[in-house]
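The values are calculated or read from the model by the stated rules, or taken from the named source; none is laboratory data. Predicted model, so just to flag it, every value in this text is computed and none were measured. Using ideal geometry, Cβ is built from the backbone for each residue, glycine included, and neighbour counts are taken over all protein chains shown.
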Amino acid sequence: MENKLSIFLLILCSLILGSCTMSGQNYKEQNDMKKYNELTPLEKAVIIDKGTERPFTGDLLNNKAEGTYICKQCNTPLYTSDSKFDSHCGWPSFDDEIGGAVKRIPDADGRRTEIVCAHCGGHLGHVFMGEGFTAKDTRHCVNSVSMKFVPSQESSLQTAYFASGCFWGTEYYFQKLRGVSQTTVGFMGGHVDNPSYKEVCTGETGHLEVTAIAYDPKVVSYDLLVKYFFETHDFTQTNGQGPDIGSQYLSCIFYQNEEEKAIAQKNIDLLTQKGYKVATMLKPAPTFWKAEDYHQQYYQHNGKQPYCHKYTKIF
Ligand SMILES: [Zn+2]
């Protein structure tokens, strides 16, 4: 915990000093990992080059179906149909975003406020206040081209649970993976209901720091998630992860059925054959307890890199 506190302070200091070098680097790194969807020339012109589609031409403008609007480039859920309203301005309009999904930045024109996907930095459009359209008095004016619509009935997301040390880092890497639509950090495996982070840090609850990964099995398989889990932490470390020492930082796959267990075991066997001494535990998944809000999407919110995880190609 002391480690996390000092890292937190370090991050705070560097933010204040303005040393944060964000989106360009992140974009390149994430693209290198082939996480993003391929874009058409029109999508590139809007999402990367911050262009605007012609008004009244987007295919989501008059969409009234129930569902979720996700980022065209990285599949992050941005808006729900509940927040969509008709502003007659020619572009899809929303009066609220999904928490933390949209980032506001001053537009290059010096007047407007640009909105981008908080995950990949893809251009969405602009946000306007004080127009009085809805009770929230906010209009996210979003290009149809920047989004994809997923109807409610087609959502067939599954959840996987992984522990690989500090959950900030585990979540950071899984958020980058194509097919992962949401991540939540929390605790599993202990004997205390709804524990606080502070309680877990005492080492007396028996809990591990876990990331719950909501993924679309049509895009990414459980097998690939397991391989990525091994490739993003040191699974041979027996006393924690990196500088984080303690039982809450141990490596573990929490499986939910025999199929997941078999896939996890197969990959452990593959690593053993490659000569690795795998310390990762394989346990049936108990209740997942969500951690406090300030732990959720930690690195995404402060724009920094994990200190205890890195990607290494193994498979
Ligand atoms: Zn995105």
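Being within 30 Å of PHE128 (Cβ to Cβ) and aliphatic (A, V, I, L, M) is true for just one of VAL180, VAL150. Which residue is that?
Step by step, each of VAL180, VAL150 is checked, and only VAL150 is within 30 Å of PHE128 (Cβ to Cβ) and aliphatic (A, V, I, L, M).
Out of (1) out of contact with any helix residue (DSSP H, G or I) (no Cβ under 9 Å at 6 or more places or on another chain); (2) within 16 Å of the ligand (Cβ to nearest atom); (3) not in a strand (DSSP E or B), what's the single condition that is false for ILE98?
Going through the list (1) out of contact with any helix residue (DSSP H, G or I) (no Cβ under 9 Å at 6 or more places or on another chain); (2) within 16 Å of the ligand (Cβ to nearest atom); (3) not in a strand (DSSP E or B), ILE98 breaks only (1).
For the range 163-183, does any single residue satisfy the condition of being hydroxyl-bearing (Ser, Thr, Tyr), surrounded by fewer than 23 Cβ atoms within 10 Å (Cβ to Cβ) and more than 16 Å from the ligand (Cβ to nearest atom)?
No, because not a single residue in the range 163-183 is hydroxyl-bearing (Ser, Thr, Tyr), surrounded by fewer than 23 Cβ atoms within 10 Å (Cβ to Cβ) and more than 16 Å from the ligand (Cβ to nearest atom).
Which of the residues spanning the range 208-237 are of a type in the set (Ser, Thr, Tyr), buried (at least 17 other Cβ atoms within 10 Å of the Cβ) and either touching a His at 6+ places or on another chain (Cβ under 8 Å) or not in a helix (DSSP H, G or I) (or both)?
Within the range 208-237, THR211, TYR215, THR232 qualify.
So THR312 clears everything in (1) more than 16 Å from GLU171 (Cβ to Cβ); (2) of a type in the set (S, T, N, Q); (3) touching a helix residue (DSSP H, G or I) at 6+ places or on another chain (Cβ under 8 Å); (4) in the same structural domain as PHE167 (by TED's automatic domain parsing) except one condition, right? Which one?
(4)
For the range 238-265, give me the residue count where each residue is among the small types (Gly, Ala, Ser) and crowded, with 22+ Cβ neighbours inside 10 Å.
2
Got a number for residues in the range 255-272 being within 27 Å of VAL200 (Cα to Cα), among the polar types (S, T, N, Q) and in contact (Cβ under 8 Å) with a residue 24 or more places away in the chain?
1
Would you be able to say whether some residue in the range 64-74 is modelled with pLDDT under 90, assigned to a loop (DSSP other than H, G, I, E, B) and charged (D, E, K, R)?
Yes, the conditions are met somewhere in the range 64-74.
Considering only the range 273-288, state which residues are over 22 Å from GLY242 (Cβ atoms) and in contact (Cβ under 8 Å) with a residue 60 or more places away in the chain.
Answer for the range 273-288, where residues must be over 22 Å from GLY242 (Cβ atoms) and in contact (Cβ under 8 Å) with a residue 60 or more places away in the chain: ALA285, PRO286, THR287, PHE288.
Would you point out the residue of the range 42-68, among those that are within 14 Å of the ligand (Cβ to nearest atom) and closer than 12 Å to VAL142 by Cβ, that is surrounded by the most Cβ atoms within 10 Å (Cβ to Cβ)?
Checking each candidate, the answer is ILE47.
For TRP91, which of the numbered conditions (1) within 16 Å of the ligand (Cβ to nearest atom); (2) in contact with a strand residue (DSSP E or B) (Cβ under 7 Å, 6 or more places away or on another chain) fails to hold?
If we test TRP91 against (1) within 16 Å of the ligand (Cβ to nearest atom); (2) in contact with a strand residue (DSSP E or B) (Cβ under 7 Å, 6 or more places away or on another chain), just (1) comes out false.
Looking at the range 69-82, which of its residues are more than 12 Å from the ligand (Cβ to nearest atom) and either over 24 Å from TYR215 (Cβ atoms) or buried (at least 20 other Cβ atoms within 10 Å of the Cβ) (or both)?
Of everything in the range 69-82, just one residue is more than 12 Å from the ligand (Cβ to nearest atom) and either over 24 Å from TYR215 (Cβ atoms) or buried (at least 20 other Cβ atoms within 10 Å of the Cβ) (or both), namely TYR79.
Identify, please: which residue in the range 102-134 is on the phi < 0 side of the Ramachandran plot and among the small types (Gly, Ala, Ser) and is, among those, nearest to the ligand (Cβ to nearest atom)?
My answer is GLY122.
Name the pairs whose Cβ atoms lie under 6 Å apart, with the first residue in the range 235-249 and assigned by TED's automatic domain parsing to the domain that holds GLY203, the second in a helix (DSSP H, G or I), and 6 or more positions between them or separate chains?
Listed by first residue and then by second, the contacts come to GLY240/TYR249; GLN241/TYR249; PRO243/ASN3; ASP244/ASN3; GLN248/VAL200.
Take the residues in the range 75-92 that are assigned to a strand (DSSP E or B) and either among the aromatic types (Phe, Trp, Tyr) or touching a helix residue (DSSP H, G or I) at 6+ places or on another chain (Cβ under 6 Å) (or both), then tell me which one is farthest from GLU171 (Cα to Cα).
Checked the range 75-92; the qualifying residue farthest from GLU171 (Cα to Cα) is PHE85.
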